Each structure stands twice: as structure tokens, then as C-alpha cells.
1. Kindly indicate which of Glu247, Glu172, Glu215 is of a type outside the set (A, V, I, L, M, F, W, C), within 30 Å of Lys137 (Cα to Cα) and surrounded by 13 or more Cβ atoms within 10 Å (Cβ to Cβ).
2. Filter the stretch 286-322 down to the residues that are basic (Lys, Arg) and within 23 Å of the chain's Cα centre (by Cα) and list them by number.
3. Name the pairs whose Cβ atoms lie under 6 Å apart, with the first residue in the stretch 133-159 and assigned by TED's automatic domain parsing to the domain that holds Arg259, the second assigned to a helix (DSSP H, G or I) and β-branched (Val, Ile, Thr), and 6 or more positions between them or separate chains?
4. Could you figure out which of (1) in contact with an Asp or Glu (Cβ under 7 Å, 6 or more places away or on another chain); (2) in the same structural domain as Gln91 (by TED's automatic domain parsing) isn't true of Tyr299?
5. Which is part of a helix (DSSP H, G or I), at pLDDT 85 or above and not aromatic (Phe, Trp, Tyr), of Gln233, Gln192, Gln186, Gln249?
6. When both residues are 6+ apart or on different chains and their Cβ atoms are under 6 Å apart, which pairs have a first residue that lies in the stretch 326-351 and is touching a residue at least 24 places away in the same chain (Cβ under 8 Å), and a second that is aromatic (Phe, Trp, Tyr) and part of a loop (DSSP other than H, G, I, E, B)?
7. Looking at the stretch 324-345, can you tell me whether even one residue there is in a strand (DSSP E or B), within 24 Å of Pro403 (Cβ to Cβ) and of a type in the set (S, T, N, Q)?
8. Which condition breaks for Gly315 when tested against (1) at pLDDT below 90; (2) in the same structural domain as Gln121 (by TED's automatic domain parsing)?
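The values are calculated or read from the model by the stated rules, or taken from the named source; none is laboratory data. Bear in mind that the values here come from a model prediction, so they are computed numbers and not experimental data. Heads up, the Cβs are rebuilt from the backbone with ideal geometry, glycines too, and the neighbour counts pull from every protein chain shown.
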Amino acid sequence: MPFAENPLAETNPLTARFRSFRHTQTPRAGRTLARWAAGLGLIVLAAGFLPWTQNIRSTGVLTTLRPQDRPQTVPSVIAGRIARWRVSEGQLVKKGDTLVDIAEIKEKYFDPQLVERTREQLDAKVGSLQENRAKDKALQLQQEALRNALRVSLDKARNYVEQSRLKVNSDEADLRAVRNDFIIAQRQQERQEELYRQGLKSLTELEQRRLKFQEATAKLQSAENKLASSRQQLTNAQLELTSLAAEYQDKLAKSESDRRSVTGYQFDTEGQIAKMRNELANLSIRSAFYQITAPQDGYVVRALKEGLGEIVKEGEPIVTVMPNAPQLAAELYVKPMDIPLLSVGRKVRLQFDGWPALVFSGWPGTSFGTFGGVVAVIDNIDSQGQYRVLVTPDPEQEPWPKPLRVGSGVYGWALLDDVPIWYELWRQLNGFPPNFVANPNAALAKSGKGAGKADKSASADADEDDAK
């Protein structure tokens, strides 16, 4: 069978001298495949220069930004016995609603009227203190009366001493006068005796003179006795003045001792009253712990104690409550090599588990079903080789879906600089970190509008699904 000649071989001066080449022919399918391969190569080469947004990828779970919004266990403040359950799991409760009733198990608090009886004891103690204060006031008045009586008695005693002294002076003057009369009477009697011996006076006159001398002697003795009595009276008055001060000082000391005893009793009673008030306050507060109440609005997630009559210890948890309106935050974990590229306020795109999404991490403007976030917290220490980052909803973007629950998975990526695709492939193959961006919002300046439109459409679809 003759071979068909190749017309191109005769026109080409390089192949014209080869006979076999003139009888060959290139297949049409090969030429088509070469054209497609060349076109795809050009497309791939051109795509290598397309922009690609670098990002830091991480995974985590949904949590809350505020500690009070996280699930919390409600403990029993006192030891007791479960008497009654007032809620069931999954029930919505308000702040202050009773969850469980606790019965007392300590014999010290068995008396149901313990608070009232303690209050009665306190009232009785307060009444005793008031009466004691009245006694103290009476003792003060008694001391004041004793001091006044002491002043009056001392004045009276001093007057009596002065009166006795004046009487002694008067008796001394009388004694001097009587002694003079006695001397005169004695001399007259001696002269009368002399005259009688001389016969100049009669015996009758001598006897009369002797009688007068006896009278003068009696008056002298009486004056001396009176003076001695006055002096003794003065001495007694002085002694009475001295003993009066000691007597009243003893009475005042005894009254002061009684008053100090009363004051000491008052202080002791006031201490007992303070202790009883403390005990009464503790009992009143303890009585409020017999009902375990919800610390805030939320749902009863799980009962950690079952049945009735079960004993719980002090501080032992009984139920778990989840707040009904928590402020959600995405808890992401980032590698240590990427943590220097993050900062508080950086924009983040998030994808939630169970939420339909179509994600192109390098082209955030074409993503569907993602939501915006802002880095709020970056831990200063690592957790099992990674750093924790808390991301809150971006107020400038669409809100997060309402059906989200704490604990569900989340996937996020922080947008960085725009680089060519070939550079990103080269960086990934060599394990280099992304480029550092000084302005964290610069990476979203161009892609924010596209991503916002796509995510708003996703939110609209989600709202329609919720409405259905």
C-alpha cells in the first residue's frame, strides 16, 4: 500500500531531503491534545499570578466571653438532705427560682422555732442589759449623794470642832477666874485664921470664911472638870472629823466597786448580745439556704444528685444551670508560630458545625455561609502546645446564627496579606510563616463587601429555615 506524502515535508528545507519523513503524517487527535495541554498550561501559569489571601487556620469550639455566661454548677451551701425537687432537666428557670428543698440533718438545728427562740433569748439579754444600765445610773446617783453628804457632814464636823474649841477657850477663861477666886479665898481664910488666933475674929466668922473657901475649892474643881470635859469633847470632835472622812471614803469605795462590777457585767452582757446577734443572723441566713435557688436566668442542664432523701455535703454541687442568653465567643487554638501574627481587634471569618457553608479560604469574597468575628482575647500562656484565642461577633458584620449552642465546633481563619498563588504554594512547600500585616483590617478592605453579601444571603436563608 503506497504511503501518502506529507506536503509539509517538501516545503520544509530541513526535512525535504529525508524520504521517510515525506511519507509520515501527524494524527489530528495529537494536535488537538497538544493544543489543550498548551492552553491548560497557560491557564495554570496565569492562575499562579492571581491574588491569594493568606490566612491562619484554626479549629475550636463555641464558648462564652463572660465567665458568668458559662455552664455553672449550683452547690449546696449547707449540709442537708434532699427533701423535694422543684424543677426538671431542660426547664427554663428565672433568677431566684427554687430548684431544690433541703432538710436539716444536724441535731443542733432540728428545732423548727430555733430562730424565734434565739430572738427571745436575745431580747431577754437586752432587757437585762437595760436594767443593769439603770442600776449603774442609780449607783452614780448614790455616789453623788454620798459625796454631797460627805461635804455636809465634814462642814458640820468642822463646825462642831470649832465650837468645841471655843468652848474649851471659854472654860479655860472660867477656870482662870475661878482659880483667882480660889487663891483669894485661900488667902482670906489664912488671914481669917491668923486673926482668929489673935482673937480678932470670932469662930463664926472663921467658919463662914472656911465655908466660902470650900465653895471656891468646889468651883475650882468644877471648872477644872468642865475644862477637861470640853477638851475631851474637842478631841472627840476632831476624831469624829477624821473618822467621818474615812467612813464616807469606805462607802464611796464600796459604791465604786459595785458600779465597776455593774460596768463589767455590762461589757460581758454586750459581748454576749453581740454573739447572740451574730448567731441569730447566721441562723436567719442559714434558714434561707434550705431552698437552693437559681443564681441567674437559664436552663437546668443536668441534675447531679438523684432521688429524695439523698445526703449532700457542704459545697457539693447539685444541679448544672446554663444561662439562657450567653454572650457567645469562638474558642480557637492557634499554633505558636502563628500567634505573633495575631492581635486584639483582627478580623476573623468563622464556619460553624452544622451550618451549610461553601468556603474558599484564599478568596473570602466568594465564600458562602461564613460569619465575621473579631479577636477579643489572646492568652499569654500556651495550652498543650497551642495558644487559645477568643473571637467575638463582629458588630460591623451580620450576627451569628441564633441556633448556635455552647460546645459546638467552629472552624476559623484570620485573614492576612494578599500574595500570588505561586508564592503561597512555595511558602507552604517550604513551611514558611505567612506575611506579617501591620494593619489587621487591610486584608478585609477589598473582600469584606463580597463576603458580606454572600454571608447575608446565607443568614437570610437561615432565617427562612428557622421561620419554617
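1. One residue alone meets the criteria, Glu247.
2. Arg286
3. Going by the 6 Å Cβ cut-off, the qualifying pairs are Lys135/Val262; Asp136/Val262.
4. Condition not satisfied by Tyr299: (1).
5. Gln233
6. Once the first residue is touching a residue at least 24 places away in the same chain (Cβ under 8 Å) and sits in the stretch 326-351, its partners that are aromatic (Phe, Trp, Tyr) and part of a loop (DSSP other than H, G, I, E, B) give Leu341/Phe436.
7. Checked against the condition, which is being in a strand (DSSP E or B), within 24 Å of Pro403 (Cβ to Cβ) and of a type in the set (S, T, N, Q), the stretch 324-345 yields no hits at all.
8. For Gly315, the exception is condition (2).
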